[in-house]
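Q: Let me begin by handing over the structure; questions about it come next.
Just so it is clear, none of the values below were taken in a lab; they were calculated from the coordinates. Since the model is a prediction, treat every value here as computed from it, not as a measurement. Note: ideal-geometry Cβ built from the backbone for every residue, glycine included; neighbour counts use all protein chains shown.
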């Protein structure tokens, strides 16, 4: 059976009614909604749903209709980068599905979303139509406010004959392997510390391989280093926490806590447990009793 996970990031984290409408659209389309989180500081909600190709596609398009109708980025401010109301729409292969299968589903989703909503589409990851759009930050550069300038410079969407939808912007649709969205909260109100740690640790700054990171002010006397971990075998989550702890200690700051956004593969937890218990094989942790 070819199953797919979809983890859309929606640019609304404060209005519960909009988030509820998004969740209802996903479920009514026939996909299995497994998780949802909303964050008012990021002004962002993340949904995780599963299914075979067709119900997942139907759910993605239904979600795009809701976000296009209910979210206006001209009135939106938040800490997280975004180009669209439905900002990022990644498809992840599960079980017998391959990454190319997920890329095919992503391309179909992009075509249906453009036809249904008039929101232009950039493809990224394994679905990228251009090699330099393999990385999501490249597809999302400049944010919503920069879409017109990109159009004028010749950087056009992969689908759509407009620079942006007036209120909903554009959407980045992609295919990728599983990743873990994981935040480390610091007991400090100095966002410069979080941004320095993020800049030091992320792969694009010469830091840890496969790691993406941002420093964010939570506005409550704490700051956050927000991570996307794309390979938890190469970088187990407990190692990441310890690396952040060492970096923060140099600035005289402690870790206040951590936060998982969405779901994570069972093996990511097994890898942490095996390291902590001194086991050679993470599979020993996941064996049924």
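Q: What does the convex hull of the Cα atoms come to per residue for region 180-277, in Å³? Numbers along the way, then the final one.
A: On the way: hull volume 8.5 nm³, N = 98.
Output value, Cα hull per residue: 87 Å³.
Q: Can you tell me the orientation of helix 237-250 relative to the chain, as the angle in degrees between its alpha-carbon axis and the longest Cα principal axis, to the nearest 10?
A: So the helix axis and the longest Cα principal axis differ by about 70 degrees.
Q: Which FRET efficiency value, to the nearest 0.05, do you get for residue 98 and residue 162 by plugging their Cβ-Cβ distance into 1/(1 + (r/R0)^6) with R0 = 45 Å? Numbers along the way, then the final one.
A: On the way: r = 33 Å, r/R0 = 0.73.
E between residue 98 and residue 162, to the nearest 0.05, is 0.85.
Q: Could you tell me the center-to-center distance, by alpha carbons, between region 141-166 and region 231-278 in angstrom?
A: When both Cα centres are located, 37 Å separates them.
Q: Taking the Cα-to-Cβ direction at residue 177 and at residue 277 and moving 7 Å from each Cα, how far apart do the two end points lie in nm?
A: That separation, rounded to one decimal, is 2.4 nm.
Q: Would you please put 250-261, 153-164 in order of how densely packed they are, using the mean number of other Cβ atoms within 10 angstrom per residue and starting with the highest? Write down the numbers at each step before the final one.
A: Details: 250-261: 14.1, 153-164: 16.8.
Put in order of decreasing packing, that is 153-164, 250-261.
Q: I would also like to ask the following. Figure the gain on full extension for residue 267 and residue 72 (residue separation times 0.36 nm, minus the Cα-Cα span) and round it to one decimal in nm. Numbers along the way, then the final one.
A: Details: separation 195, 0.36 × 195 = 70.20 nm, distance 3.85 nm.
Going from the current span to full extension adds 66.4 nm.
Q: Let me ask something else. Could you bin all the Cα-Cα distances of region 15-62 into 5 Å bins starting at 0 and give me the percent of pairs in each, rounded to whole numbers?
A: Spelled out per bin, shortest first, that is 5, 24, 32, 20, 12, 6, 1.
Q: Turning to a different aspect of this structure: Taking 0.36 nm per residue of sequence separation and subtracting the Cα-Cα distance, how much length would be gained by fully extending the chain between residue 259 and residue 189, in nm to one decimal? Walk me through the numbers on the way to the answer.
A: Values: separation 70, 0.36 × 70 = 25.20 nm, distance 1.76 nm.
Residue separation times 0.36 nm, minus the Cα-Cα distance, leaves 23.4 nm.
Q: Give the relative contact order (percent, whole number) for region 2-175; include only Cα pairs under 8 Å separated by 6+ residues.
A: Details: 399 pairs, mean separation 45.2, N = 174.
Value for region 2-175: 26 percent.
Q: Send over the per residue convex hull volume for region 87-149, Cα only, as a whole number of Å³.
A: Working: hull volume 5.7 nm³, N = 63.
About 90 Å³ per residue, rounded to a whole number.
Q: Using the basic label-point model (7 angstrom from Cα toward the beta carbon), what is the residue 233 to residue 54 distance in nanometres?
A: Output for this residue pair reads 3.5 nm.
Q: If I histogram all Cα-Cα distances within region 225-272 using bins 10 Å wide from 0, what percent of pairs lands in each bin?
A: For region 225-272, the binned pair fractions read 23, 54, 22, 2 percent.
Q: When the helices in the chain are scored as -39500 (n - 2.57) per DSSP H run of 4 or longer and the sum is shared across all residues, what 222 nm value do you end up with, to the nearest 500 deg cm²/dmol? Intermediate results must be reported in sequence, preceding the final value.
A: Values: 9 runs with 101 residues, N = 289.
After summing the helix terms and dividing by the residues of the chain, the value is -10500 deg cm²/dmol.
Q: Identify which of 112, 195, 130 has the largest mean-square fluctuation in a Gaussian network model of the chain, with springs joining Cα atoms closer than 10 Å.
A: 130
Q: How big is the gap, in Å, between the Cα center of region 42-56 and the Cα center of region 77-107?
A: Cα centroid to Cα centroid, the span is 9 Å.
Q: In addition: How much of the DSSP bridge set in the chain is antiparallel, in percent, rounded to the nearest 5? Present the calculation step by step, with values, prior to reporting the outcome.
A: On the way: 42 of 51 bridges.
Given both bridge residues lie in the chain, the antiparallel proportion sits at roughly 80 percent.
Q: Further question: Treating each Cα of region 111-194 as an identical point scatterer and ignoring solvent, apply the Debye formula and state log10 I(q)/I(0) at q = 0.22 Å⁻¹.
A: So the normalised log intensities work out to -1.00.
Q: If you don't mind, another one. Over its Cα atoms, what ratio of radius of gyration to 2.2 N^0.38 Å does region 1-159 give?
A: Values: Rg = 14.8 Å, N = 159, 2.2 N^0.38 = 15.1 Å.
Normalised Rg, Cα atoms only: 0.98.
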